[in-house]
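Novice: Sending over a structure as structure tokens; questions will come in a sec.
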Amino acid sequence: RQGIGEPSVYHAVVVIFLEFFAWGLLTTPMLTVLHQTFPQHTFLMNGLIHGVKGLLSFLSAPLIGALSDVWGRKSFLLLTVFFTCAPIPLMKISPWWYFAVISMSGVFAVTFSVIFAYVADITQEHERSTAYGLVSATFAASLVTSPAIGAYLSQAYGDTLVVVLASGVALLDIGFILLAVPESLPEEMRPVSWGAPISWEQADPFASLRKVGQDSTVLLICITVFLSYLPEAGQYSSFFLYLRQVIGFSSETVAAFIGVVGILSILAQTVVLGILMRSIGNKNTILLGLGFQILQLAWYGFGSQPWMMWAAGAVAAMSSITFPAISAMVSRNTDPDQQGVVQGMITGIRGLCNGLGPALYGFVFYLFHVELNEMAEVETLGKASKPNMANPTDESSIIPGPPFLFGACSVLLSLLVALFIPEHNLALRSGGHKKHSTGAQAHPHSPPAGGSDGKEPLLEDSSV
């Protein structure tokens, strides 16, 4: 067996940490390059780039998962990490090629899919939820620390050093997979020939979505997830650019914001979530999380001062309890042999949102003429005023962040739908269907754990 030792969760943890640490370092340089490359319609182009990447990931994730079921995990870990990190050195070589390759890299930006399959291969079902939680916590930890480090190095030594360092971390990750990561898929589960057929039903990204309407409860859950995660996916793609260029945050402040909100989110999902689940119940926890998300997005939408963003960030940390609570509800109330079907549907919905959300936010910014035309002047004068308001009568003078207000309305609809979800006796009537997933668990021999700790992988972000 190639690699160091037996396959373990710690191999998966290192791979995830290094990949997302490399990208986190680039948070500050990427905002600068994005504005320099697309001085006109910056938010629109940002949304289109991330939208194309998200849609390609949604379409390719189940196929790559199915292929890794046949050919093994290690080769596909190497493939996904290599192509996901390939754009990094291009940031300084050619920004146009950098953004073009980022969009196309969505085909392979599904490292989480292969990582969760790797973990499923080497853990028992009762251990799997804890292992998934460890991987997800590592992902969060890498993004809490790396933007601050990248911002400091960028300020002290320039963006070039940060890009070189991120490229080095990515190469280290690739080398670790080549030399240290052993294959997790047992030999007896792999076919003798590389030409063995795969299940094209399993590789169909829309297969699980077509089952959504077969049970009214599952339909309500999927609508809730779609309406609440669509604005969240859009927010991930544009919010740090928004803070930097429209609200007037410095690079260091953006990095500090990411770190503080990240730490608060980890506390909310570990300590606060458990307390709420025991005290007010599963469904009420979901409703509370959606309520916090509405408040957060409305605050982002109408807020124009830095302190408002910090206050809304604290609320955002509390809103992070929603998806773990939904995961726990599915895990507790669905029959074990049906969890793969239900969670596959939710994963497919989230994957679709990762493509639609950024594009939607970019379009709404463009629709409301939120541009960065005065950014150079603002940086020169050291102002923190609204550089997006070229015209005082512009619509954006009333709503500084229009997409966030649209997002708040979407989450309000999600909250109204969630009110009708029954808290108990969730069951599917599709027992005859083969278990498969379109996202983080596109592997029929690795069903998700039935634990109730709310850390199922389908509810973790799985895109770079």
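The values are calculated or read from the model by the stated rules, or taken from the named source; none is laboratory data. Given the structure is predicted, the values throughout are model-derived calculations rather than measurements. Here the Cβ is made from the backbone with ideal geometry for all residues, glycine too, and neighbour counts use every protein chain on show. Just so you know, the surface numbers come from the protein's heavy atoms only, side chains and all, with ligands and any DNA or RNA stripped out. Shrake-Rupley method; radii C 1.70, N 1.55, O 1.52, S 1.80 Å.
Novice: Quick one: length gained pulling ASN284 to ALA180 fully straight, 0.36 nm per residue minus the C-alpha distance?
Specialist: Contour length minus the Cα-Cα distance gives 33.0 nm.
Novice: Probe radius 1.4 Å, ligands and nucleic acids ignored: give me the carbon and sulfur share of the accessible area of segment 1-186 as a rounded percent.
Specialist: Carbon-and-sulfur percentage of accessible area, whole number: 73.
Novice: Leaving out ligands, DNA and RNA but keeping every protein chain, what accessible area does MET277 have, in Å² rounded to the nearest 10, with a 1.4 Å probe?
Specialist: Solvent-accessible area, nearest 10 Å²: 30 Å².
Novice: For GLU127 and GLN40, what is the calculated FRET efficiency with R₀ set at 41 Å and r taken between the beta-carbons, to the nearest 0.05?
Specialist: 0.20
Novice: So how strong a dipole does segment 1-186 carry about its Cα centre when Lys and Arg Cβ are +1 and Asp and Glu Cβ are -1, to the nearest 20 debye?
Specialist: Computed about the Cα centre, the dipole is about 340 debye.
Novice: Still on this model: Output the peptides 156-164, 252-260, 15-23 sorted from most to least packed, where packing is the average of other Cβ atoms within 10 Å over each peptide's residues.
Specialist: Descending packing order for the listed peptides: 15-23, 252-260, 156-164.
Novice: Going by average Cβ neighbours within 10 Å, how do the peptides 238-249, 131-142 rank, with the highest at the top?
Specialist: So the peptides 238-249, 131-142, ranked by packing, come out 238-249, 131-142.
Novice: Report the Stokes-Einstein translational diffusion coefficient (µm² s⁻¹, integer) for segment 1-186, Rh taken as the Kirkwood radius over Cα pairs, at 20 °C with viscosity 1.002 mPa s.
Specialist: 125 µm²/s
Novice: I'd like to check one number: the per residue accessible area of segment 61-154, probe 1.4 Å, reported in Å² as a whole number.
Specialist: 33 Å²
Novice: What does the extension gain come out to for GLN155 and GLU6, with contour length at 0.36 nm per residue minus their alpha carbon separation?
Specialist: My answer for the length gained is 49.4 nm.
Novice: Same structure again: Whole Å is fine, so just give me how far the alpha carbon centre of segment 287-323 lies from that of segment 76-117.
Specialist: 31 Å
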